[in-house]
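Report on the structure given below.
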Amino acid sequence: MMNDTPIRVRIAPSPTGDPHVGTAYIALLNYLFARQRHGRFILRIEDTDRTRFVETSEQMIFESLRWLGLAWDEGPDVGGGYGPYRQSERTELYRAAVLRLQESGKAYRCFCTPERLEAMRKQQAAAKQPPRYDRTCLQLSPAQVSENLARQVPFVVRMAVPQPGETTFRDELRGEIRFDHANVDDQVLLKSDGYPTYHLANVVDDHAMEISDVIRAEEWISSTPKHVLLYQAFGWPAPRFWHMPLLRNPDKSKISKRKNPVSLIYYRQAGFLPAALINFLGLLGGGMPADLEQFNLAEMAEKFQFERISLGGPVFDLEKLRWLNGVYLRALPPETLLGELRENVFGESYLRQIVPLVQERIETLAQAADLADFFFRDEVAPPPEVYLPKKRSKEETLKMSSELLAGLEASDWTHPALEKTLRDLAEQSGWPAKEVFMLFRAILTGKTASPPLLESALVFGKARTLDRLRRFLEREKARK
Ligand code: GLU
């Protein structure tokens, strides 16, 4: 790649759920990279995995990144000269690209059934071999292919990875990475539903959008060989690759929602200031001078150095973030703080939703606060007398609470979905539904009596409800 190529970088989140704090981290790095090099920062939505697609996710990604102040120069909502910026609107492009590869013998149709592939995978696992496609369909004659097509046998298109072979690429933080094709599977490029896989769409778009530098999380390193092979197959120059260290839990495992809130929605609703969160993310990975602890986006754009990033996984230390957020809160003029509280903790639309839930149950206005306190608290800590159902041990109750957390995590946040989740849990465990509801009530509200439970959970929101459960479990397990 020529050095004077204009800098164009992108983030490419998949709208599969709540916007992730890892996405914000990578977005920040791309943003800084573009600002420092007079480049363009692009937002592309990678929505080709239709099985994991979540309708509301894209909007939440936009809102969360805007809230953090990470504005993009091109994207589905702001336009730009390289659109459309949603992969689901670019499917023709991928099909044409795959056709090109098929015509030059670099890709082939595979008609193998899911059952055959599954049996193959099992055999390979039993023989302790890495899972890979055995290339049966690469041997099909043109006549066999035509016959399958005529019979409308479903197919995917796979890449014919040159075998034997070897390819290298450069990671700007790690240096040369070499890989033997023996370890590269004939990856699927086009799925049977006609949608491209991540690998194909990512490469086609990075090329079409003239992306100069791919800055993404370390977890994609293992995909990069596949991408490099695709660039070669198409005869396109590859972008530079920068793989950023993964954020970690304090125990060094990959950051996960089991141990940390990872949804940006949570951070926003729990009252973290965007400036504090951005500052905190900027501290991770060591790109800023070591003697600086507090800085804003503009200062980061000035002083951040990608070369300084250390590859040891930066720890996402929630305690540190809370401390830093406190520093930011204390620096606010009281009038501004009042404004923040009015907007975030006692927001008008939030209050409007809470009022009908308490109206039925109050005799004086002041009692509203007693009933609704849990809506405004960061933590409620029900003691065992409150959360333990009669005749249940603490151990089995905590186990049920874990299941409750997992169930709610997987649940849609609507009244019927919540109701079903709780009833299913009761059925599976043999607990009476009433006890499951009571336990949930205790954890969410801290009390044995509350405004209507599911309505309250709906208003309180998924991200914060899950956090409350997580913290409950942590606290009670520690007390054991
Ligand atoms: N769609 C991928 C993701 O969800 C993009 C990874 C990349 O940047 O290539 O993160």
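I need a count of the residues in region 287-300 that are assigned to a helix (DSSP H, G or I) and open to solvent by less than 30 Å² (accessible area, probe 1.4 Å).
1
Restricting the first residue to region 9-31 and requiring it to be modelled with pLDDT of 95 or more, which pairs with a second residue that is more than 9 Å from the ligand (Cβ to nearest atom) and of a type in the set (Gly, Ala, Ser) meet a Cβ separation below 6 Å and a spacing of at least six or different chains?
Listed pairs, sorted by first residue: Val9/Ala34; Ile11/Ala27.
Kindly provide the set of residues from region 18-40 that are open to solvent by less than 20 Å² (accessible area, probe 1.4 Å) and more than 10 Å from the ligand (Cβ to nearest atom), ordered by number.
Pro19, Val21, Ala24, Tyr25, Ala27, Leu28, Leu29, Leu32, Phe33, Ala34, Gly39
What number of residues within region 287-320 satisfy the criterion of being more than 24 Å from Asp171 (Cα to Cα) and among the charged types (D, E, K, R)?
So the count comes out to 6.
Quickly run through region 256-272 and pick out the residues that are under 17 Å from Ile61 (Cα atoms) and aliphatic (A, V, I, L, M).
Matches in region 256-272: Val262, Leu264, Ile265.
Residues are listed down the side, and each one gets a yes or a no for (1) touching a Ser or Thr at 6+ places or on another chain (Cβ under 9 Å); (2) polar (S, T, N, Q); (3) over 18 Å from Ser192 (Cβ atoms):
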residue	(1), (2), (3)
Cys110	yes, no, no
Thr113	no, yes, no
Gln123	no, yes, yes
Ala150	no, no, no
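Which numbered condition trips up Val153, out of (1) in a loop (DSSP other than H, G, I, E, B); (2) touching a residue at least 60 places away in the same chain (Cβ under 8 Å); (3) more than 16 Å from the ligand (Cβ to nearest atom)?
(2) is the only condition that Val153 fails.
For region 183-219, give me the residue count where each residue is open to solvent by 50 Å² or more (accessible area, probe 1.4 Å) and either away from the ligand (no atom under 16 Å from the Cβ) or farther than 30 Å from Arg248 by Cβ (or both).
Final tally of qualifying residues: 7.
I'm trying to understand the selection: among the residues of region 64-100, which are open to solvent by 50 Å² or more (accessible area, probe 1.4 Å), more than 17 Å from Met209 (Cα to Cα) and not in a helix (DSSP H, G or I)?
Ala71 - this is the single residue of region 64-100 that is open to solvent by 50 Å² or more (accessible area, probe 1.4 Å), more than 17 Å from Met209 (Cα to Cα) and not in a helix (DSSP H, G or I).
Answer yes if at least one residue in region 232-240 is within 29 Å of Thr91 (Cα to Cα), at pLDDT 95 or above, within 15 Å of the ligand (Cβ to nearest atom) and under 21 Å from the mean Cα position of the chain (by Cα), and no otherwise.
No, there is no match, as no residue in region 232-240 is within 29 Å of Thr91 (Cα to Cα), at pLDDT 95 or above, within 15 Å of the ligand (Cβ to nearest atom) and under 21 Å from the mean Cα position of the chain (by Cα).
Check whether at least one residue in region 163-175 is hydrophobic (A, V, I, L, M, F, W, C) and either more than 16 Å from the ligand (Cβ to nearest atom) or under 22 Å from Leu43 (Cβ atoms) (or both), and report yes or no.
No, that holds for no residue.
Can you tell me which residues in region 39-58 are more than 14 Å from the chain's Cα centre (by Cα), at pLDDT 95 or above and not charged (D, E, K, R)?
Within region 39-58, Gly39, Phe41, Ile42, Leu43 qualify.
Taking region 41-51 on its own, how many of its residues are out of contact with any helix residue (DSSP H, G or I) (no Cβ under 7 Å at 6 or more places or on another chain) and buried (at least 24 other Cβ atoms within 10 Å of the Cβ)?
Qualifying residue count, region 41-51: 2.
So, of the residues in region 41-63 that are among the hydroxyl-bearing types (Ser, Thr, Tyr) and assigned to a loop (DSSP other than H, G, I, E, B), which turns out to be farthest from the ligand (Cβ to nearest atom)?
My answer is Thr56.
When you go through (1) out of contact with any strand residue (DSSP E or B) (no Cβ under 8 Å at 6 or more places or on another chain); (2) within 26 Å of Ala238 (Cα to Cα); (3) not β-branched (Val, Ile, Thr) one by one for Met159, which number turns out not to apply?
Tallying (1) out of contact with any strand residue (DSSP E or B) (no Cβ under 8 Å at 6 or more places or on another chain); (2) within 26 Å of Ala238 (Cα to Cα); (3) not β-branched (Val, Ile, Thr), Met159 fails exactly one: (1).
Considering each residue of region 161-172, count those that are crowded, with 17+ Cβ neighbours inside 10 Å and either free of Cβ contacts under 8 Å to residues at least 12 places away in the same chain or in a loop (DSSP other than H, G, I, E, B) (or both), and give that number.
Matching residues across region 161-172 total 1.
Answer with yes or no whether Glu147 is in a helix (DSSP H, G or I), open to solvent by 10 Å² or more (accessible area, probe 1.4 Å), of a type in the set (D, E, K, R) and within 12 Å of the ligand (Cβ to nearest atom).
no
Restricting attention to region 1-17, report how many residues are within 12 Å of the ligand (Cβ to nearest atom) and over 25 Å from Ala463 (Cα atoms).
Number satisfying all stated conditions: 2.
Residue under question is Arg116, and the condition is that it be over 30 Å from Gly313 (Cα atoms), surrounded by fewer than 14 Cβ atoms within 10 Å (Cβ to Cβ) and either within 13 Å of the ligand (Cβ to nearest atom) or not hydroxyl-bearing (Ser, Thr, Tyr) (or both); does it hold?
Working: over 30 Å from Gly313 (Cα atoms): yes; surrounded by fewer than 14 Cβ atoms within 10 Å (Cβ to Cβ): yes; either within 13 Å of the ligand (Cβ to nearest atom) or not hydroxyl-bearing (Ser, Thr, Tyr) (or both): yes.
Considered against the rule, which asks whether it is over 30 Å from Gly313 (Cα atoms), surrounded by fewer than 14 Cβ atoms within 10 Å (Cβ to Cβ) and either within 13 Å of the ligand (Cβ to nearest atom) or not hydroxyl-bearing (Ser, Thr, Tyr) (or both), Arg116 comes out as yes.
Within region 406-452, which residues are hydrophobic (A, V, I, L, M, F, W, C), open to solvent by 10 Å² or more (accessible area, probe 1.4 Å) and closer than 25 Å to Phe376 by Cβ?
Residues of region 406-452 that are hydrophobic (A, V, I, L, M, F, W, C), as a first pass: 406, 408, 410, 413, 417-418, 422, 425-426, 431, 433, 436-440, 442-444, 449.
With the extra rule that they be open to solvent by 10 Å² or more (accessible area, probe 1.4 Å), the set shrinks to 406, 410, 413, 417, 425, 431, 433, 437-438, 449.
Scanning region 406-452 gives Trp413, Phe437, Met438, Ala449.
The values are calculated or read from the model by the stated rules, or taken from the named source; none is laboratory data. This structure is a prediction, so every number in the text was calculated from the model and none was measured. With ideal geometry, Cβ positions are generated from the backbone for all residues, glycine too; neighbour counts draw on all protein chains shown. Remember, those area values only see protein heavy atoms, side chains included, never the ligands or the DNA or RNA. Shrake-Rupley method; radii C 1.70, N 1.55, O 1.52, S 1.80 Å.
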